[in-house]
Amino acid sequence: MVQVCLNGSRGAAHGAVVPLSPGAMADAAAAAVAAGATDVHVHPKSPCGQDTLSPRAVAATLTEIRSRVTVPLGVTTGAWAEPDPARRLEHVRAWTVLPDHASVNWHEPGAEELAALLIDLGVGVEAGIWSGTDGAARFAASPVAPKVLCVLAEVTDTDPDTAEHTARTLLSDLGMSPHGRPVLLHGENGGTWPVLRLAARLGLATRIGLEDTLYLPDGERASSNAELVRAGLAEYAAPIGARGTARPAPTGPAVNNQQPRRSP
């Protein structure tokens, strides 16, 4: 399974290529699915382009995307969209249109309660376990863990020279099949392509899209999520010796991931 992550916490500063409105997200999802993506992850946005868990924004986003694609569709529940755990639960309880799945970051306050609520609502839970956090240990001890849809192993190391090692350490901390749940492995920014290639070698699900990187494996700026999906599928399917080596991505204000939840 190759999931497309359409936008993440990126905003207008990252260029018009990042879809922010429900219509733009739907267009991007349709093109990415046509390019081969089999699952969609999206961050609904407020009118000013910020991530939100607002029932109105979630409903508008899901409805628009579902008018264009039929693959499973998921959303974020990240604490940066609503820092108060109690308010986060209130928002989710008030959702009038439900996603197929939602990511829950296990190191964030209130993660277990949020995951349990989503499961009660019939929404699959992607357990987000980030490198460099206590998420793996907390997940291992969680009574909710066996009920999640999958484990989203997120490598926050953005150095292309060390991201693979960090990914292997995270997988070791998790165990290759934590609580019997499948693992989706992915990186971000400079670590995106090395970690995707590792996922291919290990036969794990992965994801690609403008949330994770703005650049193709050769270092050129991506024109769309669909272009990233095509490149990701090519890298995933290529024989090991034929897989490319990504140049370090350029840095600067237009490249930095505007996700307050992460330091990279």
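The values are calculated or read from the model by the stated rules, or taken from the named source; none is laboratory data. Every value quoted in this text rests on a predicted model; they were computed, and no experiment measured them. Cβ sites come from the backbone with ideal geometry, for glycine too, and all protein chains shown count toward neighbours. Only protein heavy atoms, including side chains, enter the accessible area calculation; ligands, DNA and RNA are left aside. Shrake-Rupley method; radii C 1.70, N 1.55, O 1.52, S 1.80 Å.
General observations
- Test: residue 161 is modelled with pLDDT of 95 or more, of a type outside the set (Lys, Arg), farther than 27 Å from residue 180 by Cβ and under 15 Å from the mean Cα position of the chain (by Cα): no
- Selection count, the range 81-91, where residues are of a type outside the set (Lys, Arg), surrounded by 17 or more Cβ atoms within 10 Å (Cβ to Cβ) and out of contact with any Ser or Thr (no Cβ under 6 Å at 6 or more places or on another chain): 3
- Consider the range 55-71 and keep the residues that are open to solvent by 30 Å² or more (accessible area, probe 1.4 Å) and of a type in the set (S, T, N, Q). The one that is nearest to residue 227 (Cα to Cα) is 70.
- Cβ pairs under 6 Å, 6+ apart, first in the range 92-112 and closer than 15 Å to residue 138 by Cβ, second open to solvent by 10 Å² or more (accessible area, probe 1.4 Å): 106/138; 107/133; 107/134; 108/79; 109/85; 110/85; 112/144
- Count - residues of the range 69-98 that are part of a loop (DSSP other than H, G, I, E, B), farther than 13 Å from residue 149 by Cα and not aliphatic (A, V, I, L, M): 9
- Being touching a strand residue (DSSP E or B) at 6+ places or on another chain (Cβ under 6 Å), among the β-branched types (Val, Ile, Thr) and closer than 30 Å to residue 132 by Cβ is a condition met by at least one residue of the range 87-110.
- Residues (modelled with pLDDT of 95 or more, surrounded by fewer than 17 Cβ atoms within 10 Å (Cβ to Cβ) and touching a Gly at 6+ places or on another chain (Cβ under 8 Å)) located in the range 1-54: 50
- With respect to the stated conditions, residue 156 is open to solvent by 10 Å² or more (accessible area, probe 1.4 Å), part of a loop (DSSP other than H, G, I, E, B) and touching a residue at least 40 places away in the same chain (Cβ under 8 Å).
- Boolean, residue 199 is in a helix (DSSP H, G or I), over 28 Å from residue 109 (Cβ atoms), out of contact with any His (no Cβ under 6 Å at 6 or more places or on another chain) and of a type in the set (Gly, Ala, Ser): yes
- Residue match in the range 15-37 (condition: assigned to a strand (DSSP E or B) and closer than 25 Å to residue 124 by Cβ): no
- Any hit, the range 124-136, residues being in a helix (DSSP H, G or I) and either surrounded by 24 or more Cβ atoms within 10 Å (Cβ to Cβ) or of a type outside the set (Val, Ile, Thr) (or both): yes
- Tally of residues being outside any loop (DSSP other than H, G, I, E, B), closer than 23 Å to residue 7 by Cβ and either at pLDDT below 95 or out of contact with any Asp or Glu (no Cβ under 6 Å at 6 or more places or on another chain) (or both) across the range 99-114: 5
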